[in-house]
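Readers should treat all values here as calculations from the given coordinates under stated rules, not as data from a laboratory. Bear in mind that the values here come from a model prediction, so they are computed numbers and not experimental data. Cβ atoms come from the backbone with ideal geometry, glycine included; neighbour counts cover every protein chain shown.
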Amino acid sequence: MVGWAIAVHGGAGVDPNLPHHRQEEAKQVLARCLNMGISALRSSLPAVDVVELVVRELESDPVFNSGRGSALTEKGTAEMEASIMDGVGRRCGAVSGVTTVKNPISLARLVMDKSPHSYLAFAGAEEFARLHGAEVVDNDYFITEDNKGMLKLAKEANTIMFDYRIPTVLSDTCGASVENPLQMNGLPISVYAPETVGCVVVDAQGRCAAATSTGGLMNKMCGRIGDSPLIGAGTYACGLCGVSCTGEGEAIIRGTLARDVAAVMEYKGLGLQAAVDFVVKERLDEGKAGMIAVSRNGEVACGFNTNGMFRGFATEDGFVEVGIW
Amino acid sequence: MGWAIALHGGAGDIPLTLPPERRLPREVCLRHCLQLGVDALKSKKSPLDVVELVVRELENNPHFNAGKGSVLTSSGTVEMEACIMDGNMKCGAVSGLTTVVNAISLARLVMERTPHIYLAFDGAEAFAREHGVETLDASHFITPENIQRLKQAKEANRVQIDYTQPMQKKEEDTATADGDSQTGTVGCVAVDSDGNLAAATSTGGLVNKMVGRIGDTPLIGAGTYANSLCAVSATGKGEAIIRGTVARDVAALMEFKGLSLEEAAACVVKERVPKGNVGLVAVSATGEVTMPFNTTGMFRACATEDGYSEIAIWPLTKD
């Protein structure tokens, strides 16, 4: 028996000028979700159930970029994706192109538990959802006024440049809202920050699980898939650990970040925090991302090379922390 | 050091009794594609160009499960996916294609013409049309053999992975329901004499798969991977390859445990994925090649600059 541990995140890459009330709001959501996870762990729910219920709560809250409050496609719609992985048996489930399912993470769980496959997308995923009676709503449900405004700004900012590593001069087109040069995925950080959500848990039996959910990139092309539903990129869990990543999706995919944390633990014998530090330092080239992780020994860790990451942690011995910077 | 190339047409429970009319056209195609790839490497084409052109050829051949000749979904439609990765870490992937003649080339376009890595379904098809990529009516990709395979799979009420079961239903077929053939993907990896690497994989997926099902092929680190050490393309049961992050693990074992290409690939195939589920082809920056599989067979071919070449289906017998 080990002590349980849980970590949640609401995205890596935070606007340094984020108004104080927005920071407080975000921390409150994180704290609430963390507490739900803690209660579940105290009632001996297995890790895979805990990560699902915590991410469901994050999806239902409009504050972060998942479920309700998702970033919008270039067409102004919400197109969501999610994945879940159970360290026991490395079972996994993922969905992309979800437009009406209220909780994409639960659909990913259904794929894992009730289909012969690991990953369903678009019309096929939606059909599967209906077959299994998953709760569905109109796409409007997911769209917030905030994000409609952000989409407009993103379009004005001439959005995702072909090579988003080339700094763009935006201050003259964007007006006063763009005060700082921080960018992620080619957009000024005041307009768009990833805010993907995720949760990783190790329960008292040492079982690890991970779950990640997102609306994806603001103003993305319809059909664009990021790292969140990709096992080994945004999400991974095995006998050793559970990992959930967030940040520039393409960088996370190239770096196979979530898998690499587990791989350096397994193949190089690194401990959890050392593995996270290694991956953030060595596997991100010019990309910006962050991650949370737990190990089967009851440890939590996080790492990010971005400006801040919305996160919360708790361990059975009473350690609790919610932070942004 | 020197160039090297390897390609596959799927790993699975390929019966030793595979009739000549099913075996020979595939061998001919493997030989032809190997020659195409070797000629391209000899004329100093980049490995990225080489793997794309070889996989295009395999996609166009109706005997393999990619492009024309793709297996069918439960609805009788074709949904193709592909992925390409350069050793410098640039990559592109597509899923859910129904009319694009060469999925691998669309994957390359995603890599080179968008800030994204992965486009799927309607969005990918729209992107193809925007860029004038060759498309044909969905019926072009459907072959009578695959209509038959789907029928068989529905009768047996299981998801089948191609190639194994002969066309005529025999009594012993249903008895081998657990030994599902695990083939169903094409791929190519190549390295030039400067150590530049590339990998490409393309597929129609699983027979009778659910509409919208995505397998390992387009997932970086699962079915396809390349970095500065090696390039890998995997084939077999997609769900097992995803769980095992097969392609990434070969490279990770080399990088983090110092294993050789052959050792790393053998380790992944023998110890990290259940038997009967996977095969792969891989090359290293130093011109080595390996083609391990834990299935009955794998359609494969390889060649290296020092003159070695091999075209085979089942394990080579050791004398």
What pairs from B:LYS42/B:LYS68; B:LYS68/B:LYS237; A:LYS281/B:LYS257; B:LYS68/B:LYS151; A:LYS102/A:LYS220 go past 24 Å between their alpha carbons?
B:LYS42/B:LYS68
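If each residue of separation counts as 0.36 nm, what is the full-extension length gain between A:ASP285 and A:GLN273 once their alpha-carbon separation is subtracted? Don't skip to the answer; put the middle values down first.
Working: separation 12, 0.36 × 12 = 4.32 nm, distance 1.94 nm.
Fully extending the segment from A:ASP285 to A:GLN273 adds 2.4 nm.
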Lys/Arg Cβ at +1, Asp/Glu Cβ at -1, dipole of the range B:217-315 taken about the Cα centre: which of B:MET291, B:VAL281, B:GLY244 is farthest positive-ward?
B:GLY244
How high is the relative contact order of chain A, in percent, counting Cα pairs under 8 Å that sit 6 or more residues apart?
27
Distance in nm between B:GLU155 and A:HIS21 label points, each 7 Å along Cα→Cβ, equals 6.9
Partner aspartates and glutamates whose C-alpha sits under 17 Å from that of A:LYS114, ignoring same-chain residues fewer than 8 away, are A:ASP49, A:GLU52, A:ASP86, A:GLU126, A:GLU127, A:GLU135, B:GLU239
Row for the range A:242-325, column shape: gyration tensor on C-alpha, a ≥ b ≥ c, rounded if a/c < 1.5 i.e. under 1.5, prolate if a/b over b/c, else oblate; value oblate
Spatially proximal aspartates and glutamates relative to B:LYS45 (Cα-Cα < 13 Å; intrachain offsets below 8 disregarded):
B:ASP192, B:ASP194
For chain A, find the longest principal axis of its Cα atoms and tell me its angle to the long axis of helix A:122-131, 0 to 90°, nearest 10.
50
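Sum -39500 (n - 2.57) across every DSSP H segment of at least 4 residues in chain A, then divide by the residue count to get the 222 nm mean residue ellipticity, nearest 500.
On the way: 9 runs with 103 residues, N = 325.
Per the formula, -9500 deg cm²/dmol.
Would you list A:ARG311, A:ARG32, B:ARG31 from fewest to most Cβ contacts within 10 Å? Display every interim value, and only then the final one.
Numbers: A:ARG311 26, A:ARG32 17, B:ARG31 13.
Lowest count first: B:ARG31, A:ARG32, A:ARG311.
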Would you mind telling me the antiparallel percentage of the DSSP bridges in the range B:74-157, rounded to 5?
65
Rounded to 10°, Cα long-axis angle of helix A:272-282 versus longest principal axis of chain A:
30
Would you list A:GLU57, A:GLU195, B:GLU310, B:GLU59 from fewest to most Cβ contacts within 10 Å?
B:GLU310, A:GLU57, A:GLU195, B:GLU59
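Which order do B:THR99, B:THR286 fall in if you start with the one that has the fewest other Cβ atoms within 10 Å?
Details: B:THR99 18, B:THR286 14.
Least crowded to most crowded, the residues run B:THR286, B:THR99.
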Under a point spin-label approximation (7 Å from Cα along Cα-to-Cβ), what is the B:SER43-B:GLU262 distance to one decimal in nm?
3.3
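Would you mind classifying the range B:12-72 by shape? Square roots of the alpha carbon gyration tensor eigenvalues, ordered a ≥ b ≥ c; an a/c under 1.5 is rounded, otherwise it is prolate if a/b is larger than b/c and oblate if not. Please report the intermediate quantities before stating the final value.
Numbers: a/c = 2.88, a/b = 1.82, b/c = 1.58.
Prolate, because a/c is 1.5 or more and a/b exceeds b/c.
How high is the FRET efficiency between B:ALA126 and B:ARG22 when r is their beta carbon distance and R₀ equals 56 Å, given to the nearest 0.05? Could you put the intermediate results ahead of the total?
Numbers: r = 37 Å, r/R0 = 0.66.
Efficiency computed from Cβ-Cβ geometry: 0.90.
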Working from Cα positions, state the angle (0 to 90°, nearest 10) between the long axis of helix A:47-60 and the longest principal axis of chain A.
20
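Which helices count as membrane-span-like in chain B under these terms: full DSSP H, at least 24 Å along the axis by C-alpha, Kyte-Doolittle mean of -1.0 or more?
Values: long enough: B:20-42 (32 Å, -0.37).
Those that clear 24 Å and a mean of -1.0 are B:20-42.
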